[in-house]
Amino acid sequence: MRDISVPALAAPLRTGGLADSVFDTAAHQPDFAQLARRDPRAGGGWQEVSAAEFRDEVMALAKGLLADGVRPGTRVALMARTRYEWTLFSYALWAIGGQLVPVYPTASAEQLRAIVAGARVTAIVVENEAHAMTVAEACDERALRRLWQLDLDCVRRLMEEGTRLTDADVHRLRHAVDPDGTAAIVYTSGTTGRPRGCVITHANLAAECDTLYAGWGGLLAAPGERPSLLAFLPFAHVYGLMVQVACLRGGVKLAHQPEVSSRELLPALASFRPTFLFAVPYVFEKICTRARLAAEQAGRQRTFDAAMTVAVRYAEALAEQEAGTGRGPDPFLRARHALYDRLVYSHIREMLGGRVRTAVSGGSPLLRELGLLFAGIGITVYDGYGLTETSGAITVQPPGRVRFGTVGLPLPGSAVHLALDGEVWVRGAVVFAGYLDEGGTADDGLYDGWLATGDLGHLDEQGYLVITGRKKDVIITSSGKSVAPQGLEQRLCAHPLISQCVVVGDNRPYVTALITLDPESLTHWRTLRDEPGPGSTAPSPEEQLQAEVRRAVARANASVSRAESIRAFRVLPGEFSQESGLVTPSLKLRRAAIVRAYAAEIEALYAEGRSEEPESRRERRRWAGASLYAR
């Protein structure tokens, strides 16, 4: 067993709640550009919102909510994409002691029904008519007393209704908010079981955000630049919620982007030009994929691939130099890196607006090679680790001391403990108040202040945490071999063509995998390959595709022992999706649901292996086996 802790950096929140920062900033810096929002009158450009303007809107909406029956302790669900009104409603609720219950905009009626009943929600904000219909299907109108719809101008209507109240009515309630009072009931993703409501206090979120800003605030922008951030992660996830609060408490100009597809997100980043990026590994992977597609379309694929190789080698050489295990990049590598910086890397940075030099990744561990790649491109990605129960990050890479392939050290004021079986336990001011039980009250789920995360990991020689997978995800083959699937899956998904991967093998003689392909990359890949002519012995595009996926599997297998390697795989005809119930709204795969949904395909993979003669089976394993569905 090993423990590691880091002294606290920021003082705890001793009085008041999260909304106080809005009023304090407006009082001291009324003209400070606190947010930015799209201006339809200016062709969708960005219009700044001053601290005073935002404070006035929060006050007006808070009065409207009071006038319409919201009281301290009232739980209000918010079901919308990441947009300006999300932040506005959050702070208006917190100003009067209300409790926020985030709901993903993609939630089904069944999921919404469970949240509304479990958290005892009595009012809800939705974005559009489709959401309103989901509410009507899911909720009993006798329990859910209020519904406000954003695209029906509910903000203006509430503000008008609140004009009969005074500012003093809001201030009286705001001053009564206690740091240990509930700010939000945030539900877990439910990848390994039923989603649970986590009680997050004002003090939890303040500790998270103030600590990050105290230690990492200097990374948010270049000297002389105003820090700014485009929020696109769902605020229904604790990671997105933390980003919102961190910006408002730290003086970072915040803008919102509702759509996260690369076609929508990249133009928004280019126009807003943030100085910093909060994202998940999937986003960093998609940025690379889009850049590579652009290079292929311009006929510069070989140059792009060579530049990516140089970026990784350059960053790795620098990392070895900083660790004292190498001399750093040699002159030839430096010259090639400088050349590709002009030809390739600068264009990738321009895709993100041109000002991003540092970023944070969370949600799941970032593949070491992907971290090195972005460092070589000129963007240092600080990987972190956390859960809903920890209000966001509980570990993060220290400023200037990144160790790629790890998720860093405990957040200042927090501690990490490794149990005998490798499970990660954590404690600190960011750890939640408890789980919401079916009776609507909190059960802390803690052991003497320690939270058992359910994740497996180890500490490297410098004390940095490395996450190796979930306890519930560990595969035990019929020979008794334990296999953590996460590393293999990450390495496969690093391939531009591969979108998702689930490794299976519980109680089976060996490990196999289900793979999906990225539709956009696949379409482009096929356009570059012609069908062979009559009599040609050249492989068809489908045969080339099989070979490409086999090579990706072989490269992933090179990182593990033979007993852990993927012996056979199947490429599925479509991606796992939220609509099919196989992906959570935070883009995590529901492993058990996928195994159930594709039980026949998995059984066929093992049946094919059993039916082969020994010689052909050896040959199949040599090539990592493949079975592609016809399209």
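I'd like the residue in the stretch 252-287 that is more than 15 Å from Ala231 (Cβ to Cβ) and touching a helix residue (DSSP H, G or I) at 6+ places or on another chain (Cβ under 8 Å) and, out of all such residues, is modelled with the lowest pLDDT. Within the stretch 252-287, the match that is modelled with the lowest pLDDT is Ser262. Do you know which residues across the stretch 374-401 are surrounded by fewer than 22 Cβ atoms within 10 Å (Cβ to Cβ) and over 30 Å from Thr182 (Cα atoms)? Across the stretch 374-401, the qualifying residues are Ala375, Gly378, Ile379, Thr380, Pro399, Gly400, Arg401. For the stretch 440-449, the criterion of a residue being among the aliphatic types (A, V, I, L, M), touching a Gly at 6+ places or on another chain (Cβ under 7 Å) and surrounded by 20 or more Cβ atoms within 10 Å (Cβ to Cβ) is satisfied by no position.
Checking the stated criteria, Ala221 turns out to be touching a Ser or Thr at 6+ places or on another chain (Cβ under 7 Å) and at pLDDT below 95. Please tell me if Gly487 is at positive phi and either under 19 Å from the mean Cα position of the chain (by Cα) or not assigned by TED's automatic domain parsing to the domain that holds Ser262 (or both). Criteria not met by Gly487. Against the numbered list (1) surrounded by fewer than 17 Cβ atoms within 10 Å (Cβ to Cβ); (2) closer than 27 Å to Leu587 by Cα, Asp305 comes up short only at (2). Any chance the stretch 181-190 includes a residue that's free of Cβ contacts under 8 Å to residues at least 40 places away in the same chain, over 21 Å from Leu65 (Cα atoms) and either surrounded by 17 or more Cβ atoms within 10 Å (Cβ to Cβ) or outside the structural domain of Leu93 (by TED's automatic domain parsing) (or both)? No, the stretch 181-190 contains no residue that is free of Cβ contacts under 8 Å to residues at least 40 places away in the same chain, over 21 Å from Leu65 (Cα atoms) and either surrounded by 17 or more Cβ atoms within 10 Å (Cβ to Cβ) or outside the structural domain of Leu93 (by TED's automatic domain parsing) (or both). Taking the criterion of being surrounded by fewer than 22 Cβ atoms within 10 Å (Cβ to Cβ) and among the small types (Gly, Ala, Ser), the residues of the stretch 488-524 that qualify are Ala494, Ser521.
Taken over the stretch 336-373, the criterion of being among the basic types (Lys, Arg) and either assigned to a loop (DSSP other than H, G, I, E, B) or closer than 30 Å to Gly217 by Cβ (or both) is satisfied by Arg349, Arg355, Arg357, Arg368.
Please go through the stretch 244-264 and give me each residue that is free of Cβ contacts under 8 Å to residues at least 60 places away in the same chain, surrounded by 21 or more Cβ atoms within 10 Å (Cβ to Cβ) and in contact with a Phe, Trp or Tyr (Cβ under 7 Å, 6 or more places away or on another chain), ordered by number. Correct list: Ala246 only. Every condition in (1) surrounded by fewer than 21 Cβ atoms within 10 Å (Cβ to Cβ); (2) of a type outside the set (Lys, Arg); (3) assigned to a strand (DSSP E or B) is met by Asp455 except one, and the failing one is (1). Scanning the stretch 195-220 for residues that are surrounded by 20 or more Cβ atoms within 10 Å (Cβ to Cβ), over 18 Å from the mean Cα position of the chain (by Cα) and part of a helix (DSSP H, G or I) yields His202, Ala203, Asn204, Ala206, Ala207, Asp210, Thr211, Tyr213, Trp216.
Determine whether His237 is touching a residue at least 24 places away in the same chain (Cβ under 8 Å), over 25 Å from Asp39 (Cα atoms) and either in contact with a strand residue (DSSP E or B) (Cβ under 7 Å, 6 or more places away or on another chain) or in the same structural domain as Gln397 (by TED's automatic domain parsing) (or both). Criteria not met by His237.
Only one entry in Ser346, Ser361, Ser391 is more than 19 Å from the chain's Cα centre (by Cα), polar (S, T, N, Q) and outside the structural domain of Gln500 (by TED's automatic domain parsing), namely Ser346. Of the residues making up the stretch 27-59, those that are in a strand (DSSP E or B), farther than 21 Å from Ser90 by Cβ and either in contact (Cβ under 8 Å) with a residue 12 or more places away in the chain or among the small types (Gly, Ala, Ser) (or both) number 1.
With respect to being at pLDDT below 80 and farther than 23 Å from His495 by Cβ, Arg596 falls outside the description. Residues that are of a type in the set (A, V, I, L, M, F, W, C), farther than 18 Å from Ala206 by Cα, assigned to a strand (DSSP E or B) and touching a residue at least 60 places away in the same chain (Cβ under 8 Å) within the stretch 409-433 comprise Leu409, Val416, Leu418, listed in sequence order.
Restricting attention to the stretch 60-81 and to residues that are part of a strand (DSSP E or B) and out of contact with any Gly (no Cβ under 9 Å at 6 or more places or on another chain), the residue that is farthest from Arg146 (Cα to Cα) turns out to be Met79. So, in the stretch 374-398, of the ones that are outside any helix (DSSP H, G or I), touching a residue at least 60 places away in the same chain (Cβ under 8 Å) and aliphatic (A, V, I, L, M), which residue ends up farthest from Thr309 (Cα to Cα)? Applying the filter and picking the extreme gives Leu387.
Has the stretch 17-30 got any residue that is surrounded by fewer than 17 Cβ atoms within 10 Å (Cβ to Cβ), out of contact with any Pro (no Cβ under 8 Å at 6 or more places or on another chain), among the aliphatic types (A, V, I, L, M) and not assigned by TED's automatic domain parsing to the domain that holds Ala136? No, every residue in the stretch 17-30 fails to be surrounded by fewer than 17 Cβ atoms within 10 Å (Cβ to Cβ), out of contact with any Pro (no Cβ under 8 Å at 6 or more places or on another chain), among the aliphatic types (A, V, I, L, M) and not assigned by TED's automatic domain parsing to the domain that holds Ala136.
The set of residues in the stretch 319-335 that are surrounded by fewer than 18 Cβ atoms within 10 Å (Cβ to Cβ) and in a helix (DSSP H, G or I) comprises Glu320, Gln321, Glu322, Ala323, Pro331, Phe332, Leu333, Arg334, Ala335.
Among the residues of the stretch 458-475, those identified as closer than 20 Å to Arg403 by Cα and either assigned to a strand (DSSP E or B) or without any contact (Cβ under 8 Å) to a residue 24 or more places away in the chain (or both) are His458, Leu459, Glu461, Leu465, Val466, Ile467, Thr468, Gly469. Residues in the stretch 267-290 that are in contact (Cβ under 8 Å) with a residue 60 or more places away in the chain and within 25 Å of Gln34 (Cβ to Cβ): Leu269, Ala270, Ser271, Phe272, Arg273, Pro274, Thr275, Phe276, Leu277, Phe278, Ala279.
Of everything in the stretch 267-309 that's part of a helix (DSSP H, G or I) and among the small types (Gly, Ala, Ser), which residue is nearest to the chain's Cα centre (by Cα)?
The initial filter retains those residues of the stretch 267-309 that are part of a helix (DSSP H, G or I), namely 267-272, 281-297, 301-309.
Then drop every residue that is not among the small types (Gly, Ala, Ser), which leaves 268, 270-271, 291, 294-295, 306-307.
Details: Ala268: 18, Ala270: 20, Ser271: 22, Ala291: 21, Ala294: 25, Ala295: 27, Ala306: 29, Ala307: 27 Å.
My answer is Ala268.
The values are calculated or read from the model by the stated rules, or taken from the named source; none is laboratory data. Everything numeric in this text was worked out from a predicted model, so none of it was measured. Note: ideal-geometry Cβ built from the backbone for every residue, glycine included; neighbour counts use all protein chains shown.
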